[in-house]
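Only one structure is covered here, and it is reproduced in the block below.
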Amino acid sequence: MFEFGRELKRLFGADAVRAPRDGLTGGDASLLELLDLRMISQEGRAADIAAGRVGAKDKAQRRLEAAIVWREVARRSGDAAILRKAAATAEAAAEAFGRERRPDGWARARCEQAFCAMLGAELFGDDGLNAAADVAFREARAAARGGLALPLADIGVAAIEAREQMGALDARAARAAFQRLAAPVVALQSLTRRCRAARLLAVEARLVAADIMIGWGARLRDTDILALGRDEAARAAEGLDPAYEPLSWARASALRGQAMALIGEASGEVEPLAKAVTALADVAGELSREHSPLDWARVQTALAQGLQALGEAGASERAYEQAVTCYDRAAHVLKNAPGLSLRAFGASNRALCLARSAELSGDLTVLDAAEAAFKIELANISARRDPAAWALLQVNLARLYEARLDITGQDRGERASAAMALNAALDVFGELGLRSLCVIAADALERLAGPAPARPAY
């Protein structure tokens, strides 16, 4: 899949130190997918230089191009500082365009600011960023005269409205939201003949719609809504060339596989889950960790979820073991980004897989081994130096204590130990502002406060 990207490296040198002064892509965002993370970071720096050059013909456009590059870097790395840089660069582009002087350019830059905020909400679980994105999208929609800005603003407004409504658990609202999301996709596709960038933007809009439907369907356990997301992801992948659009193809294929797994999980049948796992494994085999670490971690996590569901449907310890391996692979990439929601999700589910494997077998030695491993990790981690990692281990230990309670039906101090670990983790997460992790710890505490297991009579 990444042959052309490797060819670029060969042409411009392994480190791309002699890349053209305006970068390898020359401002063409469609070529960004061919660059690995290191090369695209260099592309961002080249775009910054092009925007700041005294003789630059259109500084506003150059700044917008730089913002697009930096957002893609953040999307692949999960780097909060890079995402802030992308948002600030988009803001500078909007100021350079001017709402009255060049309204369409200004609207496109405001959309880019909004997409940065939406990405932040997705990566770090900060819903307040969606509100900021909504304001920017609506301002862009009001200012736009035509071109890309109007359908991009429409897809953004519709996506944020859909995410806000998702909590209502209303299937009719989900289908209505899907219809609202469809219109901007058609509008973007109509622009592809005169605007090269519109094609992949239309694909991205489909992926937004697919992701929302999959999330909504998962909450409702509604296979029809999950199927809407699956089919939309499949449509997004149609016509994509994995050799030239590797990330769009991988993102679309991964979403499709994830929807397949959730549909299989809802039915509880092994065969559709096995097909979903195979589809996700195929995507994982095509992705490169160096090309896009965060996309790779997402696919590994989705594959782990599929294996976890397969383990539950087939009571398979082996599937749980394979899921743990996938979660470990993802964690290796995510360990340096403690605030990512994906890290929190993976860490929690990893411990759940270990616990379920032990519960299936009734083998306390599995829990003993996992507990010993976690405690060794804790001994090697400084709570002061890496508080988030330390707290995540506390959450994992708590889940193992909970599993021991379930297996033995006896409380020999496990409930108190689990509560102590979770409260310690919750304090750390709260201090660090890690909202998604706070939710996981709080939910575990609430579950732990339930009825105590019955003690056997002697």
Single condition Ala243 does not satisfy, out of (1) among the small types (Gly, Ala, Ser); (2) surrounded by fewer than 21 Cβ atoms within 10 Å (Cβ to Cβ); (3) not in a loop (DSSP other than H, G, I, E, B): (3)
Do any residues in the stretch 297-313 that are closer than 13 Å to Ala259 by Cα have Cβ atoms under 6 Å from those of residues that are among the charged types (D, E, K, R) and part of a helix (DSSP H, G or I), where the two are at least six apart or on different chains, and which pairs are they? Ala309/Glu265
Test Leu64 against the criterion of being crowded, with 23+ Cβ neighbours inside 10 Å and either over 19 Å from the mean Cα position of the chain (by Cα) or in a loop (DSSP other than H, G, I, E, B) (or both), and give yes or no. yes
Which of (1) of a type in the set (S, T, N, Q); (2) in a loop (DSSP other than H, G, I, E, B); (3) over 31 Å from the mean Cα position of the chain (by Cα) does Ser382 not meet, given it meets every other one? (3)
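Looking only at the stretch 328-362, filter to residues that are hydroxyl-bearing (Ser, Thr, Tyr) and more than 29 Å from Glu290 (Cα to Cα); which one of those is surrounded by the fewest Cβ atoms within 10 Å (Cβ to Cβ)? Reasoning before the result, please.
Here is the first cut: in the stretch 328-362, the residues hydroxyl-bearing (Ser, Thr, Tyr) are 341, 348, 357, 361.
If we keep only those that are more than 29 Å from Glu290 (Cα to Cα) as well, we get 357, 361.
Numbers: Ser357: 23, Ser361: 14.
Out of the qualifying residues, it is Ser361.
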What pairs come up if the first residue lies in the stretch 410-433 and is under 18 Å from Ser348 (Cβ atoms) and not assigned by TED's automatic domain parsing to the domain that holds Arg385, the second is exposed (fewer than 15 other Cβ atoms within 10 Å of the Cβ) and of a type in the set (Phe, Trp, Tyr), and their beta carbons are under 8 Å apart, counting only those six or more places apart or on different chains? none
Take the stretch 191-213 and flag every residue that is of a type outside the set (D, E, K, R) and within 17 Å of Ala158 (Cβ to Cβ). Leu201, Ala202, Val203, Ala205, Leu207, Val208, Ala209, Ala210, Ile212, Met213
On the given criteria, is Glu377 surrounded by fewer than 16 Cβ atoms within 10 Å (Cβ to Cβ), touching a helix residue (DSSP H, G or I) at 6+ places or on another chain (Cβ under 6 Å) and assigned to a helix (DSSP H, G or I)? yes
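So which of Glu72, Glu65, Glu122 is closer than 30 Å to Ala331 by Cβ and modelled with pLDDT under 95?
Numbers: Glu72 fails: modelled with pLDDT under 95; Glu65 fails: closer than 30 Å to Ala331 by Cβ.
Answer to the selection: Glu122.
The values are calculated or read from the model by the stated rules, or taken from the named source; none is laboratory data. Note that the structure is a prediction, hence the values are computed from the model and not measured. Note that each Cβ is placed from the backbone with ideal geometry, even for glycine, and that neighbours are counted across all protein chains shown.
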